[in-house]
1. Of the residues that make up segment 255-262, is at least one surrounded by fewer than 19 Cβ atoms within 10 Å (Cβ to Cβ) and over 30 Å from residue 368 (Cβ atoms)?
2. Would you pick out the residues in segment 342-375 that are more than 16 Å from the ligand (Cβ to nearest atom), under 26 Å from the mean Cα position of the chain (by Cα) and touching a residue at least 40 places away in the same chain (Cβ under 8 Å)?
3. In this structure, does residue 183 turn out to be part of a helix (DSSP H, G or I), touching an Asp or Glu at 6+ places or on another chain (Cβ under 8 Å) and surrounded by fewer than 21 Cβ atoms within 10 Å (Cβ to Cβ)?
4. For segment 434-465, name all the residues that are free of Cβ contacts under 8 Å to residues at least 12 places away in the same chain and under 16 Å from residue 330 (Cβ atoms).
5. Which of the helices (runs of 4 or more DSSP H) found entirely inside segment 5-123 contain at least 1 residues meeting this: in contact with a Gly (Cβ under 6 Å, 6 or more places away or on another chain) and under 30 Å from residue 241 (Cβ atoms)?
6. Taking residue 268 and the conditions (1) within 15 Å of the ligand (Cβ to nearest atom); (2) in contact with a strand residue (DSSP E or B) (Cβ under 7 Å, 6 or more places away or on another chain); (3) assigned to a helix (DSSP H, G or I), which numbered condition does it fall short on, given that it satisfies the others?
7. Which numbered condition trips up residue 199, out of (1) surrounded by fewer than 15 Cβ atoms within 10 Å (Cβ to Cβ); (2) assigned to a helix (DSSP H, G or I)?
Amino acid sequence: AKQLLFKNPNEPPMVFHWFPFIGSTITYGMDPPKFFQENRAKFGDVFTFILLGKKTTVAVGPAGNDFILNGKLKDVNAEEIYTVLTTPVFGRDVVYDCPNAKLMEQKKFMKIALTTEAFRSYVPIIAGEVQSYFKRDPDFKGKSGIVDIPKKMAEITIFTASHALQGSAIRRKFDESLAALYHDLDMGFTPINFMLHWAPLPWNRKRDHAQRTVAKIYMDTIKERRAKGDADKELDIMKHLMNSSYKNGTPVPDHEVAHMMIALLMAGQHSSSSTGSWIMLRLAQNPRIVEELYQEQVKALGADLPPLAYEDLAKLPLNQAVVKETLRLHAPIHSIMRAVKQPMPVPGTKYVIPTTHTLLAAPGVSASDPSYFPNPGVWDPHRWQSDSVNAPTIVRNVVEEEEKVDYGYGLVSKGVASPYLPFGAGRHRCIGEHFANVQLQTIVAEIVRLFKLSNVDGGNTIIGTDYASLFSRPLEPAKIRWERRA
Ligand code: HEM
């Protein structure tokens, strides 16, 4: 009773709201970064708000990121939050539909397949897909034009990722049935499904049908390949997963291989495609940078611009910085959630977070904090050069190797001190970072070879962000002007 009458002094301050269940859901949902910034100014780095009836505690800044993302397994839990969304989409027994220890092993299987050798073969595949896309797409006929770029980047992302990660046979199926099926699967990834994932809504029925159909396509392929035995010479991710065994000796079952194949493609699709769109919009706003990128390639690779190879990407620091800087300002994952399993004292404060709360990390807050990034609102890829006026103030922590730890899928940086964590940190850190970088850098390099970009109105309009989907992305239409290079 006492708890009902008096606010627990050990709980963080609560954001004011009028309505019990709704709480701050609307103000948060419309613009999460603004919501975090305003409440941080009021309350400091740790505060609580009501999200769909649930007390949700935000902890920001490098310490907040560390508190949540490196939380101990007995204290924090991701699968309880995410499983309602991901299990119907990926399928059973993978990622969040299994204990964390199993996910760690699955991440190891998936990560081992993403080797330097694999990346060497991916760059020509990705470059080839980009070239053929612009040759055949009717919106890129002629010398110049205007396009709504997010639709284009979504297609380029799925064609390049499926071809590289899943092979040419699966890629060909995207021209037939797979694109539509993945589109239906994607309908499962909306905020409304957090509440209505179980409901017999039309899009959920479509989602479930699509999941079964896609999984069957992969399982049939797996069966065929197993039947071929040694005659199947291809060494790709599917083959790698097919030949993997858990630590207890159990080989990975076919349905888990199939579901991991879906997860690999779906995990990166939104993040990479949204980032790709933001890159194009930012470049259109900064035609000068497009020219610098072009000249960078001419200088580093030669005026005849030979076919792009994996090793070339390292010779193009501005090309890399364009991706890095875009992820600083437009990280597609604005909120990372965890269930609280034990009361958790927040280091350096009097707060203890009870098990009735959800924790929310928002690494984007420190990535746009002026105490780490001078002129944080300015998109400036040159800031990643140490002599730039906008260089991060704690370059050492951002750029240098950080403390690393092995959660079961290889060493990952803990991100304890870094204000820049677009790929997360700790146990659940992204395994697709390197792939996403290779994919995006190759796409940018190829596009810069083909086109000059500019804003439709010639000015530098800034497109707003759409937070209504689970991954933030540009509000549509988001048009840019392209002009074919002579
Ligand atoms: C996890 C971001 C691309 C596969 C994560 C997390 C973030 C993230 C922030 C941590 C989530 C959490 O802690 O709850 C991104 C961004 C990408 C990207 C910004 C592109 C720009 C990819 C790609 C793949 C991928 C291309 C696959 C090839 C995964 C997987 C996890 C993950 C398997 C692990 C989930 C877990 O352990 O709970 N990603 N990602 N991501 N990502 Fe990515």
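1. Checked segment 255-262: at least one residue is surrounded by fewer than 19 Cβ atoms within 10 Å (Cβ to Cβ) and over 30 Å from residue 368 (Cβ atoms).
2. Residues satisfying the conditions are 357, 369, 372, 373.
3. Taking the combined requirement at face value, the residue does not satisfy it.
4. 464, the sole residue that qualifies.
5. Filter on segment 5-123 gives 61-69, 79-90, 100-112.
6. (2)
7. So residue 199 meets the others, but not (2).
Yes or no, residue by residue, for (1) more than 30 Å from residue 33 (Cα to Cα); (2) crowded, with 20+ Cβ neighbours inside 10 Å:
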residue: 282; (1), (2): no, yes
residue: 288; (1), (2): no, no
residue: 298; (1), (2): yes, no
residue: 303; (1), (2): yes, no
residue: 306; (1), (2): yes, no
residue: 317; (1), (2): no, no
residue: 326; (1), (2): no, yes
residue: 334; (1), (2): no, yes
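The values are calculated or read from the model by the stated rules, or taken from the named source; none is laboratory data. Since this is a predicted model, take the numbers as computed values, not measurements. For neighbour counting, all protein chains shown are included, and Cβ atoms are generated from backbone atoms with ideal geometry for every residue, glycine included.
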